[in-house]
Amino acid sequence: MANYVEFKGLKHYPIGDAELSLENETLVISNFGSDGQNGYQVKFGDISQINTKYAPYDFNEATHQNFKTISSSEDGDSFTSSELAFYKEGGSIYMAGNNLGNATNIVAKAYLNGEVIREWNPTDNLQAAAAAVPWWAVVYVVTHATVYYEKTVEGNKERHEIGGNWRGSKSIVQDNEGNEFETDRVTLTYEFDVVNPNTTTSLELRASNIESLTIDDYAL
């Protein structure tokens with residue numbers, strides 16, 4: 001991953017056959033293909049909180065997105081600390097948390113205007129559509145989602161929070177028990193024991209059957 005494109009002070013590296021280009025003060029990622037192996041990785045450095053602002057894009061039944069956070073140490077060791085998948089089925093967008101490994105205290109949170117309005121255990125009452133992973137359904141009323149990520153360290157615990165929001169728009173979300181409520185951000189939080197306090201984080205996106213993604217900006 002020697003070649004990168006710098007955007008908003010962050011280094012973005014293409015994965016697979018994906019192509020990255022700067023256009024009109026935005027970053028465009030294209031050539032995703034259909035096998036789910038193409039995308040990009042952005043290195044956060046010392047940043048502990050970031051909101052990726054994507055421009056509106058088409059999300060169809062064949063589209064699949066997989067966001068992965070990777071923790072890396074100075075000696076080159078790295079591990080996946082979370083994985084969040086988006087896919088569409090029956091008119092709804094499903095968000096599923098994968099590969100949480102040794103994560104503890106897994107909680108789904110729904111926000112509205114910056115306040116947490118609901119918390120629930122996403123591992124309860126799993127449905128077959130989610131392939132036995134933490135999930136929650138987002139009723140499809142908007143054409144795009146942005147990605148929120150935050151990392152905090154307290155004592156010997158490292159807490160991660162990753163999820164989707166809609167650039168100020170509100171959507172109706174359904175939790176595992178079928179409860180519906182209005183929200184503008186839905187996230188998954190979880191904890192790990194701190195192994196190396198000097199790790200940095202990268203966000204990786206691989207997608208399929210999507211023409212392109214445009215990053216308009218980052219909110220730090």
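A few remarks follow.
- From phi via Karplus (6.51, -1.76, 1.60), per-residue ³J(HN,Hα) for region 27-38 in Hz, x at Gly/Pro: 10, 10, 10, 9, 6, 6, x, 10, 9, x, 9, 10
- Derived scalar couplings between HN and Hα for region 52-59 equal 7, 9, 8, 6, x, 8, 7, 10 Hz in order, rounded to whole Hz, by the Karplus curve 6.51 cos²θ - 1.76 cosθ + 1.60 (θ = phi - 60°), x for Gly and Pro.
- Cα centroid separation, region 1-38 to region 155-220: 20 Å.
- The phi-based Karplus calculation (6.51 cos²θ - 1.76 cosθ + 1.60; θ = phi - 60°) puts the 3J(HN,Hα) values of region 165-177 at 8, 10, 6, x, 6, 10, 9, 9, 10, 10, 8, 4, 8 Hz, whole numbers, x for Gly and Pro.
- Using a Förster distance of 41 Å, the FRET efficiency for Arg118-Val194 (Cβ separation, nearest 0.05): 0.90
- Here the simple spin-label model places points 7 Å from the Cα toward Cβ, and for Ser48 and Lys11 these points are separated by 2.3 nm.
A short reminder: the numbers here are calculations on the coordinates, not readings from a lab. Small disclaimer: the values here were computed from a predicted structure and weren't measured. With ideal geometry, Cβ positions are generated from the backbone for all residues, glycine too; neighbour counts draw on all protein chains shown.
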